[in-house]
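Written below as structure tokens is the structure these notes are about.
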Amino acid sequence: MHGDERWSGGDGGQETPFEDVEDVAGLGTLPDDLQPEVREFVCALRGLFKATKKTLRQFAAYHHISAPSVSRYLSGKRLPDKNFIDALLKSACKAHDVDLTPDVQAHAYRLHREALLAQQPGRYAMQMASDRLEEAILKREQAELQIRDLRLSVSDQKHELNRLERQKREIERNAANERGQTAAEIEIYCGRQRDLEEQCDELREEIDRLEADLAEAERDRDDARDRCAELEREIANVEVDAEREALEVRVKEARREVADASELAEERLVELRRAAEQAEGLRDEAAREAQAKREAADAIFEETRAKAAQAAADFETNLAKRREQSERDLALRQQKAEKRLTEIEHRAEQLRLEAEKLRTDAERRARQTVETAQRQADDIAAGSATSTRPEPEPRDIREPQTEEAIKPFWFAVPETRPFRPLNGGSVDEQGMELTPGTWYLAVGRRGNALIAENRMTGLRGILNDTTGLQRTTY
């Protein structure tokens with residue numbers, strides 16, 4: 001795998017397997033309103049995350065980071081700290097069995113600083129001060145190590161000088177005690193004495209040089225300490241601004257979540273209003289149906305009465321029975337129509353109450369989120385899918401001979417479907433079919449097929465294809 005040469009420094013350095021990517025499996029698309037610096041940094045993070053060969057939850061569990069935080073970092077909603085970048089770099093290098101080079105680390109840190117500068121200047125200032133403080137602490141520790149080494153060297157050289165001086169004094173005492181020595185022996189003593197003096201002079205010069213280096217190292221250490229103190233004061237000054245800036249980011253995120261929740265509630269409210277309109281349509285349809293049946297009954301009654309007036313007396317009793325049956329049927333139909341109208345009105349009221357409850361809950365959550373964020377801001381200021389429905393399994397369209405009683409419910413079909421009559425005959429003969437936009441009543445079941453009634457015509461039939469039905473309670 002060949003990576004982006006920008007990760008290797010772009011100057012012929014060691015090739016790395018990393019590259020900037022935007023589309024990663026398991027992660028959503030980046031928002032269009034991301035700043036260019038932030039988008040480049042997030043693409044680099046996504047490339048490193050892809051190189052880790054881990055899922056989001058695996059990475060979060062392995063590095064003890066919450067999965068929502070990792071998701072926000074990789075979606076550009078929030079900028080991470082350097083610890084998260086280090087964890088990504090180490091995990092990606094380990095997955096590809098390569099060493100973490102200074103060029104790779106410097107490239108990631110540079111993108112991080114540019115994103116901070118573009119989106120959170122206060123946090124950028126604090127990060128830069130922290131980096132300088134880290135560098136000053138490293139210099140101070142290096143100076144202290146150098147001071148310790150120099151002190152050890154000075155101590156060793158002084159011990160060596162003392163030894164040589166003792167040896168020189170010993171030679172002088174031996175020369176004074178042995179006056180009868182030959183000139184050659186005396187010359188040997190003098191040569192050894194001169195060598196010792198030269199070694200002593202060299203050691204004294206080395207000691208002076210080491211002491212000068214020691215003094216310079218101590219000055220560097222003191223300068224590093226002063227620099228650390230100065231940077232600590234600088235961090236303290238920018239820390240409040242950075243915290244306020246971070247809180248403003250969280251407040252923006254909270255407001256965005258509130259806006260999303262409100263939008264969802266509005267969509268739900270629109271759906272409920274549409275359902276209420278459908279219920280109103282059903283109620284009007286029921287009223288028209290009841291009026292039509294009433295008019296039909298009146299017409300039948302008038303026709304029967306007209307025929308009865310012309311019939312013989314022997315038909316009077318039969319006519320009275322028919323009239324009474326017609327009145328009972330009309331009363332029963334009116335009663336059913338009134339019951340259905342009551343149920344529709346009750347359903348519409350339930351939908352309205354559900355919509356009101358959803359809106360109330362959304363407003364309450366929004367107020368709580370904003371109040372919490374506002375309290376946090378006050379405290380700091382005081383202290384310083386579209387998933388598709390799976391296709392149903394093919395149904396067995398064979399029709400058993402027995403009917404199964406079910407709880408009636410209303411349904412609508414997504415497209416025109418054949419509707420086989422109960423009394424036999426073909427669809428063409430009967431001219432029966434179910435069309436979208438009309439509610440039908442399911443009153444029974446035969447195997448996988450539904451027994452349904454067209455309330456407009458009062459005809460019943462069998463619907464074999466029951467996939468994708470829109471249902472509501474009776």
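Short version: ³J(HN,Hα) in whole Hz for each residue of region 161-170, in order, from phi by Karplus 6.51 cos²θ - 1.76 cosθ + 1.60 (θ = phi - 60°), x for Gly and Pro, what are they?
5, 4, 5, 5, 5, 5, 5, 5, 5, 5
For a Förster distance of 30 Å, can you work out the FRET efficiency between the beta-carbons of Glu349 and Phe409, rounded to the nearest 0.05?
Rounded to the nearest 0.05, the efficiency is 0.95.
Given a Förster distance of 56 angstrom, what is the FRET efficiency for Glu134 paired with Val270, based on the Cβ-Cβ distance and rounded to 0.05?
0.55
With each label point set 7 Å from Cα along the Cα-Cβ vector, what nm distance links Ala259 and Glu141?
Simple spin-label model gives 4.5 nm for this pair.
Report the residues of region 430-474 in range of a label on Leu341: point 7 Å along Cα→C-beta, backbone N strictly under 18 Å from it.
The answer is 455-456, whose backbone nitrogens lie closer than 18 Å to the label point.
Return the distance in nm (one decimal) between the two label points of a simple spin-label model at Arg250 and Lys53, each offset 7 Å from Cα along Cα→Cβ.
3.8
Just the accessible area per residue of region 12-146, please: how many Å² with a 1.4 Å probe?
Per residue, region 12-146 has 52 Å² of solvent-accessible surface.
Once amide H atoms are placed 1.01 Å from N in the peptide plane, what residues at a sequence separation of 5 or more from Phe409, or on another chain, have their amide H within under 5 Å of its amide H?
Close amide H contacts, sequence-distant or interchain: Ala442.
Keeping the other protein chains in place, figure out the carbon and sulfur percent of the accessible area of region 58-182, with a 1.4 Å probe.
48
Pop the C-beta distance of Asp284 and Asp23 into the FRET formula with R0 = 56 Å and round what comes out to the nearest 0.05.
0.65
Note the full-extension length gain between Arg359 and Glu160 as 0.36 nm times their separation in residues minus their Cα-Cα distance, in nm to one decimal.
62.7 nm
Choose one of Thr304, Gln291, Val249: the residue whose Cα lies farthest towards the positive end of the charge dipole of region 241-346 (beta-carbon charges +1 Lys, Arg; -1 Asp, Glu; about the Cα centre).
Result: Thr304.
Find how much the distance from Arg328 to His96 grows on full extension, using 0.36 nm per residue of separation minus their present alpha carbon separation; answer in nm with one decimal.
The span from Arg328 to His96 would gain 74.9 nm if fully extended.
Would you mind computing Rg(Cα) / (2.2 N^0.38 Å) for region 74-137, counting N as its residues?
Output field value: 1.20.
What are the ³J(HN,Hα) couplings of region 122-128, residue after residue, when phi is run through the Karplus curve with 6.51, -1.76, 1.60 and θ = phi - 60°? Round to Hz, x for glycine and proline.
Values, residue by residue: x, 5, 4, 4, 5, 5, 5 Hz.
Above 20 Å lies some portion of the pair distances; for region 18-128, what is it as a whole percent of all C-alpha pairs?
Of all Cα-Cα distances in region 18-128, 35 percent exceed 20 Å.
The values are calculated or read from the model by the stated rules, or taken from the named source; none is laboratory data. No experiment lies behind these values; they were computed from the predicted model shown. Counting neighbours? That spans all protein chains shown, and the Cβs are built from the backbone with ideal geometry, glycine included. SASA here: full protein model, heavy atoms, side chains in, ligands and nucleic acids out. Shrake-Rupley method; radii C 1.70, N 1.55, O 1.52, S 1.80 Å.
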